[in-house]
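**Q** Supplied in structure tokens, the structure appears directly below.
The values are calculated or read from the model by the stated rules, or taken from the named source; none is laboratory data. Keep in mind that what you see is a predicted model, and the values were worked out from it rather than measured. Glycine gets a Cβ as well: all are built from the backbone with ideal geometry, and neighbour counts include every protein chain shown. We work out accessible area using only protein heavy atoms, side chains counted, and drop any ligands, DNA or RNA first. Shrake-Rupley method; radii C 1.70, N 1.55, O 1.52, S 1.80 Å.
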Amino acid sequence: MKRREFITIALPILPTTAFLVSSCQPKSASQSETTDPCKDFSTVSENDLKTRKKLGYVDASPRAESQCGNCNLWLPPKDGKACGGCMLFKGPVQTAGYCTYWAPQSK
Ligand code: SF4
């Protein structure tokens, strides 16, 4: 293929190709989850993210009777926030979440 032919063919499709490639780039956790405040980890440290993972935290408890909302380590939402927290790590925690450290609330 001659240089002139290549330029004639390639130039019109380069912007489209660049757009498609940039659209396929993975978004960071803070970019892709910012619409849900309970999934915004932009202010959470790597250590807290590791702790959350190490404890097996999930957003939806596999055990209906054991959820973050009735755990002794649960920190209820405050100041109009949409989600709560946990005493073991920083960052948003779902009321219906769960981890291996779940403990019944003391009465
Ligand atoms: S210890 Fe686990 S189950 Fe209890 S509030 Fe924290 S994340 Fe939820």
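**Q** Counting Lys +1, Arg +1, Asp -1, Glu -1, what net charge surrounds Tyr98 among other residues with beta carbon under 9 Å of its beta carbon? It would help to have the intermediate numbers written out before the result.
**A** Details: positive: Arg63; negative: Asp59.
Cβ neighbours under 9 Å give a net charge of 0.
**Q** Moving to a separate point now. Where does each of Lys78, Lys107 land when they are ordered by accessible area, with a 1.4 Å probe and the largest first? Don't jump to the answer; show the numbers that get you there.
**A** Values: Lys78 145, Lys107 235 Å².
Descending order: Lys107, Lys78.
**Q** Taking a threshold of 22 Å on the Cα-Cα distance, which of the pairs Lys39/Lys78; Lys54/Lys107; Lys54/Lys81; Lys39/Lys90; Lys81/Lys107; Lys39/Lys81 fall above it? Before the final figure, lay out each step's value.
**A** Details: Lys39/Lys78 17 Å; Lys54/Lys107 28 Å; Lys54/Lys81 25 Å; Lys39/Lys90 12 Å; Lys81/Lys107 25 Å; Lys39/Lys81 13 Å.
Table pairs above 22 Å Cα-Cα are Lys54/Lys107; Lys54/Lys81; Lys81/Lys107.
**Q** Once you list every other residue whose beta carbon is under 14 Å from the beta carbon of Val58, what net charge do they have if Lys and Arg are +1 and Asp and Glu are -1? Don't skip to the end; give the middle numbers.
**A** On the way: positive: Lys39, Arg52, Lys53, Lys54, Arg63; negative: Asp59.
Local charge sum for Val58: +4.
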